Each structure stands twice: as structure tokens, then as C-alpha cells.
């Protein structure tokens, strides 16, 4: 009977814990975006920021390090809103974040396969990475026309 009472207590508090966790996560993202907006102008980063190809690779690296494309995208939007990042570079960084997010599936497949991915795990990781790579590489040369189109809205 002790196990059932513990299960009942957990089921009553789980929604509350989930809600509190989501609220804390949202507040953290908002604070992160606010911090990114306060960067202002940093002249030494201008060659990096003005080049969409560098931003593409930056999006990949940051997302791989953070293991969160949501965090990367929040940072990109914060930098864009502050005027620190031009729209073509922001688009390229988001495309890079889509590549970086595939690192999570490779990491998961390593743990599931007890070593190098194999079988279905390898095929899923390759498909996920391949689709994201194809999409990003196909769109990357067109970030300036995409930015001009989006600038109309």
C-alpha cells in the first residue's frame, strides 16, 4: 500500500512541478534574450557578424555546445532585435542551429547503441542530419534574398 500512496502523491505534484519548470525555463529564456539585447555594439565582432557564412558556423557551434536550438534561436532573436545582428546573418545562424541540433540525436544514438551508432539508430541519425544539412546548404546561398523578402513584413 505504501507504493500506491507514493505514486498518488507523485501524480498529484507532477503537473505542478512541470508547470513550475516551464515557467522557470521561460523566465530564463527571457532573461537570456534581455542580456543579449544589452550587448549594444561590439566593433571587434563586426567582420564575424556581417558574414552570414561565419554566422552559419557560429550557429552550429553554439547549438552543439548548448545542446539547445531553442536557446540559440532565442539568442539570435535577441541580437537581431537589438540591432546588433543583421537579418541575413540571423537567418544563416538559424540555419546553422538546425544543423547543430542534430548533435543531440548523435549523442543519444551513442548512448543507446553502447558505442558507435549502428542499425536503426544510425539510419535515424543519418536521416535527421541529412535532411537538415540538405535544407541548410540549399538555403544558405539565398539568405540575402530571403532577408529582403522577410523585410517586407
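Values in this text are rule-based calculations from the coordinates and carry no lab data. In this text, all values refer to a predicted model and were calculated from it rather than measured experimentally.
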Completion exercise
The ratio Rg/Rh over the Cα atoms of region 94-153, Rh being the Kirkwood inverse mean 1/r radius, stands at 1.18
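Where Rh denotes the Kirkwood radius from the mean inverse Cα pair distance, what is Rg over Rh for region 49-97? Walk me through the intermediate numbers first.
Working: Rg = 9.3 Å, Rh = 10.0 Å.
Value, to two decimals: 0.93.
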